[in-house]
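One structure below.
Taken together, the values in this text are just the output of simple stated rules run on the coordinates, not laboratory data. What you see is a predicted model; the values in this text were computed from it and never measured. Cβ coordinates were reconstructed from backbone atoms using ideal geometry, including for glycine residues, and neighbour counts include every protein chain displayed.
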Amino acid sequence: MTVDGKITTRNYTPVDFTSREDKQHLFRQRALADAVLIGHTTLKRDNVRLGVSEDLRQERMARGQTPAPLRVIVSNEGKIDSQLKIFQWEVSKIVIFSTERMPADVRAALAGKATLHLTKSRNVDLADMLRILRRDYKVRRAACEGGPTLFRSMLEHGLIDELSLTIAPYLFGGAVAPTLTGASKEFLPASVRCVMKDMRVIGDECFLTYRIKSEKG
Ligand SMILES: NC(=O)c1ccc[n+]([C@@H]2O[C@H](COP(=O)([O-])OP(=O)(O)OC[C@H]3O[C@@H](n4cnc5c(N)ncnc54)[C@H](OP(=O)(O)O)[C@@H]3O)[C@@H](O)[C@H]2O)c1
């Protein structure tokens, strides 16, 4: 995020405002995980593949992990475009958590490209999603790469235990540009306490790691 806490511009355009080091940091975090989670808008806007480089792949295999993390897409409405880059790249399995609102033509287009978990409820139950990932896919460490709407939901449900945050040397301004917890004007149901685990400064960027304190402390 920027110095003033913005994670993108008000138009939600893909913005490239962090260094190469920050990108490597993101890829290293991703490669440590058994699954990488992404919200539908970030997937659409950034059109990411969520893969890992050959070096990180080798490191994963040396640690006894699968070559690449499971890729998990979260969407309530389920109107996911099967032509997105993620579906053209067979680096690891893709799992989609959505609802029965997902249109039939989308389900047909995604068949063979992803495993669908569709709930009858209006919204995806994120805690249940993590339980399924653990039980059916042996996921012990999941890395959520945002965006802010998904991150905020996970935070509100007490499902985040660690936060990796890079402060990039820019100020964007703009009341409607989203912060880390999105564009909502609402407060979180309760303040979330963060405990700093690590801080590194490289160039003009600050790399922070926080432990998120559970409500029980
Ligand atoms: N600077 C950064 O590090 C960073 C990181 C990530 C993203 N971004 C930026 O963030 C922007 C997108 O922000 P955003 O908040 O709109 O993104 P988002 O969280 O990726 O996407 C929101 C969408 O994801 C689905 N979703 C989110 N939470 C859900 C939940 N609890 N249950 C079910 N589905 C859920 C919904 O999809 P449906 O509409 O399909 O129901 C929702 O509309 C992009 O511009 C991206 O570039 C920046």
Pairs of lysine in segment 20-212 with Cα under 23 Å and at least 8 positions apart or on different chains: total? 16
For the chain, give the magnitude of the charge dipole about the Cα centre (Cβ charges: +1 Lys/Arg, -1 Asp/Glu; no others), in debye to the nearest 20. 520 debye
Return the distance in nm (one decimal) between the two label points of a simple spin-label model at D16 and A175, each offset 7 Å from Cα along Cα→Cβ. 3.3 nm
Karplus couplings for segment 175-181 from phi (6.51 cos²θ - 1.76 cosθ + 1.60, θ = phi - 60°), rounded to Hz, Gly and Pro as x? 5, 8, 6, x, 9, 4, 9
Assuming 0.36 nm per residue, please report the length gained on full extension of the stretch S164 to R28 beyond their Cα-Cα distance. 47.8 nm
Farthest toward the dipole's positive end in segment 20-212, which of V48, T179, G78, given Cβ charges of +1 (Lys, Arg) and -1 (Asp, Glu) about the Cα centre? G78
In whole Å, what is the distance between the alpha-carbon centres of segment 159-194 and segment 18-81? 21 Å
per DSSP, antiparallel bridges as share of beta bridges in the chain, % nearest 5, sits at 45 percent
Which value, in Å to one decimal place, does the Kirkwood hydrodynamic radius take for segment 94-217 when every pair of different Cα atoms is included? 17.1 Å
Only Lys, Arg (+1) and Asp, Glu (-1) charged, at Cβ; segment 23-150 dipole about Cα centre in debye: 220 debye
Regarding the chain, what whole-number volume in Å³ per residue does the convex hull of its Cα atoms give? 138 Å³
Sites E100 and R141, calculated FRET efficiency, Cβ-Cβ separation with R0 25 Å, nearest 0.05: 0.30
For segment 20-212 the mean separation of alpha carbon contacts under 8 Å (6+ apart) over residue count, i.e. relative contact order in percent, is 20 percent
Highest mean first, what order results for 23-34, 63-74 on Cβ atoms within 10 Å? 63-74, 23-34
Computed from the beta carbon distance with a Förster radius of 30 Å, FRET efficiency for N47 and D204 to the nearest 0.05 stands at 0.60
Using a Gaussian network model on the chain with a 10 Å cutoff between Cα atoms, which of D125, D105, D81 fluctuates the most? D105
